[in-house]
1. What does the charge dipole of the range B:4-131 about its Cα centre add up to, to the nearest 20 debye, if the Cβ of each Lys and Arg holds +1 and the Cβ of each Asp and Glu holds -1?
2. List the residues of the range A:241-268 whose accessible area drops by at least 40 Å² when all protein chains are present, compared with their chain alone, using a 1.4 Å probe and counting only protein heavy atoms.
3. At q = 0.16, 0.18, 0.23 Å⁻¹, what base-10 log of I(q)/I(0) does the Debye formula yield for the range A:113-174 when every alpha carbon is treated as an equal point scatterer in vacuo?
4. What residues from the range B:77-121 fall in the zone where the backbone N is under 11 Å from a label point 7 Å along the Cα-to-C-beta line of residue A:34?
5. How many partner chain Cβ atoms sit within 10 Å of a residue's Cβ in peptide B:137-147, on average, as a whole number?
6. GNM, chain A, Cα, under 10 Å: largest mean-square fluctuation among A:108, A:14, A:38?
7. Tell me, what is the per residue accessible area of chain B in Å², probe radius 1.4 Å?
8. Averaged per residue, what accessible surface does chain A expose to a 1.4 Å probe, in Å²?
Amino acid sequence: MTQPTKTLLERRYSMLGLLLIAPTVLVFCAVIVYPLVSAVYLSLFKIFTPTLEGSWVGLDNYRTLLAKGEFWTSLRNNLIWTVGTLSLQILFGVGMALVLHQNIWFRSLARSLILFPYFISTVVAVLVWKWLFNDLYGILNHLMMSAGLIAWPIDYLGSMPNAMISVILVGAWKYFPFVVIAVLARLQTIPEQLYEAARIDGAGPIARFFDVTLPQLRDVLVVIIMLRAIWDFKEFDLIFLLTGGGPVTSTQTLPLLVYKEAFALNQMGMASAYAVIMMLIMLVFMIVYIRRTRQEGS
Amino acid sequence: MLKKIVFNLFAWSIVLMVAFPLFWMLVTSVKPQFELFSRPPTILPQNFTLEHYWKLLSDTNFLGYFWNSVILSTTTTIVVVAIATVGSYSLVRFRYRGRETLAFLVLFTYLLPSVVLILPLYLMLVNLGLSNTITSLVIAYTTFALPYALWLLRSFMAGIPEDLESAALVDGASRLGAFWDVILPQLLPGIISTALFTFILSWNEYLYALVLVNSDDARPLTTGVMNMLISSFNIEWSLLMAASVMMSVPLIIAFAFLQSYLTRGFGAGGVKG
């Protein structure tokens, strides 16, 4: 084969490659790139949502929001929620993965039962938990009272700090299976010889966990923590449906604030400013995560 | 031996505690209304009834919402998986300028929060006159489903040995012919899993549906069922639990298909939260 024909073929292949990626690029530009750019643009306007009429205000929205207490409380709530629910997910997820890695009875049934909360709709999860939390007829209050833990029914979602704790717990319940799946997959690839060697050296189960399992899990745990931190930070459905940000604004996180500003207070421009700031915060996590993935790829 | 039994009991009691809310949902949905208020609560229903399911199907708009959700999720899945299959083939097997940047963009959008995109998308779809239609939701759902499907299919595509394709090319097949005859059959399990995951994501989506659709004609299950909770004068928990069970049935079917694949081991990033 001569050199020119090969390059011709290669050029034709590149053309075909571009043709095949074209639909993706078109859709990306229309529904992701364009909206992303216009989100930044919108944040420089004052827009009334129902009429969608706006006037240029420059950076005023940003000045207002940084001076507002509500932004800072929402950011604080967002961090409490993310750190709280994420640490529970990791602790419980790793623990559960270790248990499910053992040869327990009906292991595959147990695994499916554990994974199920992750796959059901957030709407379903919230409805079920609202019924469990119900102050008059909820089973949770009944169980706690008959166990003697509480004397009176608790208001799980309507008072603080209960509301934040409940939201964090439900979030942990809903999303820890993700950690279980990922950790379980990694556990299955740890060579058995490592445990054998540790056993010969006289390491007990706890020492084996810290000396063999944990170092092997380190990489996957870093990835899981970053991914879940990003996803938990931007969580909207669960908190919005459980408490709506209440009582007052005690569980209001940034995504809820964006929604409220845009569709309850009808300030589309201001809402965009909140959204842009929120994205800038997330960008830190996202860049760290993307860098890491690229390193692994190359 | 005793140690093993104790460990099993311990493991299973945790599993059952995690699964309890779902068990409770099922039990509540088949209890008659008065039994919900009995003290102490009955763990298993004393009077088994399917009246709530009947009421859900005959007295509420549940079937309408269900149908909307089926159309919406199926359309989204077909559109997204079709675009992502050829897209991932191009990203993995072709060399051209900007390919790396594109792969990076896919990962970036995969992590993007929907609240940022929703405001401009809302304006865009209102201006296009598409608000309150299922089409508007299909367009909005591609924003999270397409990056996700691309990312998943890319890793499946990378797992197919390049030699297979080269062999077909040496035998005189065209590039597209090789794609059709060699790559697609190999990729089929990946395509099916991606389609199921995309379907689950679309089926469960809430925020876009809340913002973009405000009429029962186009409302999917998530916002529809939530509306039943908000608009009812006194909350009928059995009815809502029956709705939750019915809403989860397609997911259980999808899950059953995915299960062997999932428990075989699935790396992080494969499942979106």
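The values are calculated or read from the model by the stated rules, or taken from the named source; none is laboratory data. Quantities reported herein were computed from a predicted structural model and do not represent experimental measurements. Counting neighbours? That spans all protein chains shown, and the Cβs are built from the backbone with ideal geometry, glycine included. Accessible surface is based on the protein model in full, side chains and every heavy atom, while ligands, DNA and RNA are left aside. Shrake-Rupley method; radii C 1.70, N 1.55, O 1.52, S 1.80 Å.
1. 540
2. A:241, A:259, A:263, A:268
3. The Cα Debye sum returns log10 ratios of -0.55, -0.69, -1.00.
4. Only B:121 pass the distance filter.
5. Partner-chain Cβ atoms within 10 Å, mean over residues of B:137-147: 3.
6. Fluctuation is largest for A:14.
7. 43
8. Accessible surface, normalised per residue, equals 47 Å².
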